[in-house]
1. What list of ³J(HN,Hα) couplings, whole Hz, do you get for the range 163-180 from phi and the Karplus terms 6.51, -1.76, 1.60, once you set θ to phi - 60° and write x for glycine and proline?
2. Counting Lys +1, Arg +1, Asp -1, Glu -1, what net charge surrounds residue 332 among other residues with beta carbon under 9 Å of its beta carbon?
3. For residue 299, what residues show an amide H to amide H distance below 5 Å, using hydrogens built from the backbone and excluding near sequence neighbours?
4. For residue 183, what is the net charge nearby, where nearby means another residue's Cβ is under 12 Å from its Cβ and Lys, Arg count +1, Asp, Glu -1?
5. Taking all pairs of distinct Cα atoms, average 1/r, flip it, and tell me the Kirkwood hydrodynamic radius of the range 248-330 in Å to one decimal place.
6. To the nearest 0.05, what FRET efficiency results for residue 99 and residue 269 with a Förster distance of 22 Å applied to their C-beta separation?
7. Quick one: which of 216-223, 205-212 comes out on top by average Cβ neighbours within 10 Å, and what's the full order, highest first?
8. Label 7 Å along Cα→Cβ of residue 242; the range 280-298 residues with amide nitrogen under 20 Å?
Amino acid sequence: MILKLSQGGPLWKKSKPTDNLSMENSNFIRPKALVIGLFILSVTWGCTRDNGRNTKISLSHGRPLQPWPNSKGVGDKIVKVAINVHGGPKLITGGWESCHCLPDGQTEYPPAIFALPVDPGPSRLVQVLIVSEDLSGKTAFSYGDKGINIVNGDNAVEISVNSIFSSEESAEAGIRYLRADGTGPTGWLDLIYNPPLDRPPMVVDSSFVLGGWMKLHLFQTTPLSYKLRETGEVLFSGLNFNHPDFQASNRMIRARYPIFHGDKNHDGLPPYELFPAGTIFLGFAGPGATTQVVCYDPADSLNLEKAWLTAAGASPLLWSGTTTNSAHFSRVGGGVSKNLTPCTSGTDYVNKLSLLHYELSGDWTSALFGF
């Protein structure tokens, strides 16, 4: 894997079709000791501002990770690339993530170009984190970094990216975070990952939260932090599946679905696209979350209308709210039956949420959460 830095434009964009990724060798590999080469072109500010002064990162896959096959095979695909540059006037972030939004028949790859506004100066630390996922929903991280002095003109550095961990379950969470006084935070929320060997923390992703409503990503054991950018308020530290707020309770539900085919185009027409297995959390969190509830349908073996076991849509995926069944989209723990108090008397989005299991149709978890 080669990253080249030169002069360029905007950064951090969702995936789109790209023709200039090298595809010479189609053999599948898991990223272990990959070597990343960085070629940097930096220009100083003068009396006349150069609006094109950015640093580009050009990504080439000499031996690419293959896309998922249209069957229950094995294989990883890159779902996230995060780049941080430390040591300048401010932290520089960039990267890419899979959006699963390309037309049928096209495959997502990281773009050929990342543009980063890097200022010249000594002792810059460039960090690269690559996240991949397999069809079982298990995640792998590869990380590398290297120091560089960025001068005017061309710069070059090679970074060895090594596997940190693999086969770890991950999850998407939809929550409302409440402080002890009952208020919910508003502002930009940074996801922070701490690389090994006491390397500087990385800002891997950012999202805007409003009144405490947010969507999070978390892992089975790897700890993450979530911090409000403007105020520095830490909402979660050491967040993983073992975090107290994410244990099964009336106010936090956990569910999991197997590999399935989903109606990505929402037109009810096969063939349907293959989606990986996944875990979700839905509920209320934070010191002010105490009496709220999450409601679910307790019925077992209900047909889902937007998810199937085959591309042809012959067999629907089933929902099971009471019995945990690995072949179904099923509740693992937590929540309150929609037929019981307080679900029958609560107020939606005030003191209760409902898991909309019937909205499973792809990797867009917002529909399941209802926000």
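1. 5, 9, 7, 8, 6, 10, 5, 10, 8, 9, 10, x, 9, 10, 8, 10, 6, 4
2. Details: positive: 254, 256, 331; negative: none.
Here the charged neighbours net out to +3.
3. Those qualifying (amide H under 5 Å, at least 5 residues apart or on another chain) are 321.
4. Working: positive: 176, 179; negative: 181, 233.
My count for the surroundings of residue 183 gives 0.
5. Working: mean 1/r = 0.0717 Å⁻¹.
The Cα-based Kirkwood calculation yields 13.9 Å.
6. Values: r = 22 Å, r/R0 = 0.98.
Efficiency, from the Cβ-Cβ distance: 0.55.
7. Values: 216-223: 17.5, 205-212: 15.1.
Sorting 216-223, 205-212 by mean packing, highest first, produces 216-223, 205-212.
8. Label zone hits: 280-281, 286.
Coordinate-derived values only; no laboratory data. Keep in mind the model is a prediction, meaning the values are calculated, not measured. We place every Cβ from the backbone using ideal geometry, glycine too, and count neighbours over all the protein chains shown.
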